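What follows is a single structure, written as structure tokens, with notes after it.
Laboratory data are not the source of any read-out in this text; all were calculated from the coordinates shown. All values reported here derive from a predicted model rather than from experimental measurement. FYI the Cβ positions are ideal-geometry reconstructions off the backbone, even for glycines, and counts take in every protein chain you see.
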Amino acid sequence: MNCPLYIRSVPTQGELKFHYTVHTSLDVVEEKISGVGKALADQRELYLGLLYPTEDYKVYGYVTNSKVKFVIVVDSSNTSLRDNEIRSMFRKLHNSFTDVMCNPFYNPGDPIQSKAFDSIVSTMMVQAC
Amino acid sequence: RCPQTERAASTNSELFTLTYGALVTQLCKDYENDEEVNKQLDKMGYNIGVRLIEDFLARSSVGRCHDFRETADVIAKVAFKMYLGITPSVTNWSPAGDEFSLILESNPLVDFVELPDNHSNLVYSSLLCGVLRGALEMVQMAVDVRFAQDTLRGDNVTEIRMKFIKRIEENLPAGDE
């Protein structure tokens, strides 16, 4: 079941090609989490780091122990974004996602329409660009 | 000592918040009408209030209030603190001293809650109105309690308006609604 619950991009045009990038990156995510084995089984979260570089983008992945996958795609020309900043972005996303799950009106599996989640993502994207 | 009093005084509030959320959403599914859900929540709150007052009086040892102002202070500073861990402020007294507002900066019942667009008439925390009404009825006060402002519906704060209606005669039994 790999349908996206949430996709957001800045600038918003060309969003379709991000859908494609993210979808292919999921294969890499699956590869990484199935190959992990006992060494990382104790970790509660899996920051997967750079999944694969393309010409134009760097794609980072993160998967929770509940198998929810987060993917961040950054322009290759952005060299100022450091690894620990990406980690912190994933942590914020994970926390916001947990809050969305706790909304009694949200049905797990539905697309995310939370204003609070939107504003966390907006702030993060502004800071990253 | 009985097991309930030996348990830790503070427990994680998320289970409480999620339980209330499950209750509200189930009512929404069952009744499919926001006004009806508000009424049901108020009724449940009333049934909680008429029982909770005993626990409150036993644990807080407050004496009989001399006037409505004292009642307001006890509700805000003792009761809300004891059961919800928050201390609303008491403001907007009517000139006659029979009506006031409780302003809640935060409310554990609504943590993480975002009302969907199709529930614009839902007063999510209606349970609280019933609790206050039921509790005060058991100490011979008939009051009207309603939400004047609600952060879930876009207001900056949550405001509960409480109005004193009349004293209740002691010999009338209060039953479940």
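Worth a mention:
- With the convex hull of the Cα atoms taken as the outline of the protein assembly as shown, the averaged projected area works out to 21.9 nm².
- Percent of C-alpha pairs per 10 Å bin in the stretch B:20-62, short distances first: 27, 37, 22, 13, 1.
- Packing-based exposure ordering (other Cβ within 10 Å, fewest first) of A:Ile7, A:Ile72: A:Ile7, A:Ile72
- Averaging the sequence gap over all C-alpha pairs within less than 8 Å and six or more residues apart, then dividing by the number of residues, gives chain A a relative contact order of 19 percent.
- Peptide-level mean, for A:101-110, of C-beta atoms on other protein chains within 10 Å: 5
- Dipole magnitude of the stretch A:15-124, debye to nearest 20 (Cβ charges: Lys/Arg +1, Asp/Glu -1, about Cα centre): 320 debye
- Normalised by the number of residues in chain B, the mean separation of alpha-carbon contacts (under 8 Å, six or more apart) gives a relative contact order of 26 percent.
- Mean per-residue shielding of peptide B:13-26 is 2, counting Cβ atoms of other chains within 10 Å of each Cβ.
- Column: log10 I(q)/I(0), Debye, Cα scatterers of the stretch A:15-124, q = 0.13, 0.16, 0.24 Å⁻¹: -0.53, -0.82, -1.51
- Packing here is the average count of other Cβ atoms within 10 Å per residue, and on that basis the peptides B:104-114, A:106-116, highest first, run B:104-114, A:106-116.
- For chain B, alpha-carbon Rg and Dmax in angstrom: 16.4, 49
- Within straight-line cross-link reach of A:Lys58, lysines at Cα separation under 18 Å, skipping those fewer than 8 residues along the same chain: A:Lys17, A:Lys32, A:Lys69
- The string of couplings for the stretch B:15-30 from the Karplus curve (6.51, -1.76, 1.60, θ = phi - 60°) is 4, 4, 4, 5, 5, 4, x, 5, 4, 4, 5, 5, 4, 4, 5, 5 Hz, one whole number per residue in order, with x for Gly and Pro.
- Based on C-alpha pairs under 8 angstrom that are at least 6 apart in sequence, the stretch A:45-112 has a relative contact order of 21 percent.
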